[in-house]
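Trainee: Sharing a structure here in structure tokens format.
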Amino acid sequence: MVDYIAGLALKAGVRVGRGYYNNVQRGEHSSKGLAETIQKHEATPVITEVKFASPSAGKIREHGDPLRIAKAMLKGGACAISVLTDPDDFQGNLDTLATLSREVDVPLVMKDIIVSPIQIEAAARAGASTVVLISELFSRRLTEEPLDRLVREASRLGVEVLLEANSPEEFRRLPEHKPDLYGINNRNLSTFQLDLSTTERVLAINGNIDRPVVSESGIENPRDIVRLKNAGAEAFLVGTSIMRSSDVESKVRELVNA
């Protein structure tokens, strides 16, 4: 069986080694943090994702203007925007993150396979408010860097950490690392299997949560949002279903009004 996350981690290490993250445009940090934005947002907090491809779905959308897409997302009511910066499997790039940071004043999330503090530095330079760290990369030692070192580096640079898990056992260990937000990825990154009940299972046996919880992956419609809200998730990261829509603004509004 293919172990997808191991391959993604290997490619990320190669990108770090060849200097992809070293030459980054200077961005501008939003005046708003993601955790606070989620807690204060009156409508459903939807973090929309600019993503043109993924290893699980292939091509999602023909390349368009990321800024135009992002502005449509914000008109629809998105509380924050996630930007893929992995060029190998997601057709992402760091310049998009930096460009958006200069044009919109909402929290921006850098989404990548982060295995090195060099990537955290790139996120800060490009204007990201938040980085996503995948706990499985560290628990399985798919990177030589300790998770706590990356969390400390993000804190030093003023970047929030969304630390994600895919199982109840993994989620239970997240507080040890003191992230700013918790994420639950409904997609198993080893197999790419998608299961929305992941969020339900994780939150059913993990109470007394002291940070905002973001449910990620597989969210298609308002019914999914309501289902995940009922499970205890506070915010929702949605990419593919929005990027596939012919009317991005309306699709986001539909989710935000759930």
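The values are calculated or read from the model by the stated rules, or taken from the named source; none is laboratory data. Given the structure is predicted, the values throughout are model-derived calculations rather than measurements. Please note: Cβ atoms are built from the backbone with ideal geometry, for glycine as well, and neighbour counts cover all protein chains shown.
Trainee: Name the residues in the stretch 188-232 that are under 15 Å from the mean Cα position of the chain (by Cα) and not polar (S, T, N, Q), would you?
Mentor: Correct list: Leu189, Pro212, Val213, Val214, Glu216, Gly218, Ile219.
Trainee: Hey, another quick one. If Arg172 meets every condition in (1) of a type outside the set (S, T, N, Q); (2) crowded, with 23+ Cβ neighbours inside 10 Å; (3) free of Cβ contacts under 8 Å to residues at least 60 places away in the same chain apart from one, which number is that one?
Mentor: Condition not satisfied by Arg172: (2).
Trainee: Scan Lys32, Lys51 and give me the residue that is surrounded by 13 or more Cβ atoms within 10 Å (Cβ to Cβ), under 26 Å from Tyr182 (Cβ atoms), in contact with a Gly (Cβ under 7 Å, 6 or more places away or on another chain) and among the basic types (Lys, Arg).
Mentor: Just a single option satisfies the conditions, and that option is Lys51.
Trainee: Now for a separate question. Mind checking which pairs have a first residue in the stretch 72-99 that is under 13 Å from Phe52 (Cβ atoms) and in a loop (DSSP other than H, G, I, E, B) and a second that is aromatic (Phe, Trp, Tyr) and at pLDDT below 95, Cβ under 7 Å, 6 or more apart or different chains?
Mentor: Gln91/Phe52
Trainee: Next up: Does the stretch 129-143 hold any residues that are in contact with an Asp or Glu (Cβ under 9 Å, 6 or more places away or on another chain), under 30 Å from Thr99 (Cβ atoms) and assigned to a loop (DSSP other than H, G, I, E, B), and which are they?
Mentor: Ser129
Trainee: Would the stretch 111-122 turn up any residue that is modelled with pLDDT under 95 and not in a helix (DSSP H, G or I)?
Mentor: no
Trainee: Considering Gly7, Gly13, Gly19, Gly76, which residue is farther than 20 Å from Val159 by Cβ, at pLDDT 95 or above, surrounded by 19 or more Cβ atoms within 10 Å (Cβ to Cβ) and over 18 Å from the mean Cα position of the chain (by Cα)?
Mentor: Answer to the check: Gly76.
Trainee: Given the conditions (1) surrounded by fewer than 18 Cβ atoms within 10 Å (Cβ to Cβ); (2) assigned to a helix (DSSP H, G or I), and given that Val151 satisfies all but one, which numbered condition is not satisfied?
Mentor: (1)
Trainee: Which residue is surrounded by the most Cβ atoms within 10 Å (Cβ to Cβ), if the candidates are limited to the stretch 175-222 and must be closer than 28 Å to Ile60 by Cβ and free of Cβ contacts under 8 Å to residues at least 24 places away in the same chain?
Mentor: Asn188
Trainee: State yes or no: is Arg172 farther than 30 Å from Val2 by Cα, part of a helix (DSSP H, G or I) and at pLDDT 95 or above?
Mentor: Spelling it out, it is not the case that Arg172 is farther than 30 Å from Val2 by Cα, part of a helix (DSSP H, G or I) and at pLDDT 95 or above.
Trainee: Ok, one more. Which one of Gly207, Gly218, Gly158 is outside any helix (DSSP H, G or I), in contact with a strand residue (DSSP E or B) (Cβ under 7 Å, 6 or more places away or on another chain) and of a type outside the set (Ser, Thr, Tyr)?
Mentor: Gly218
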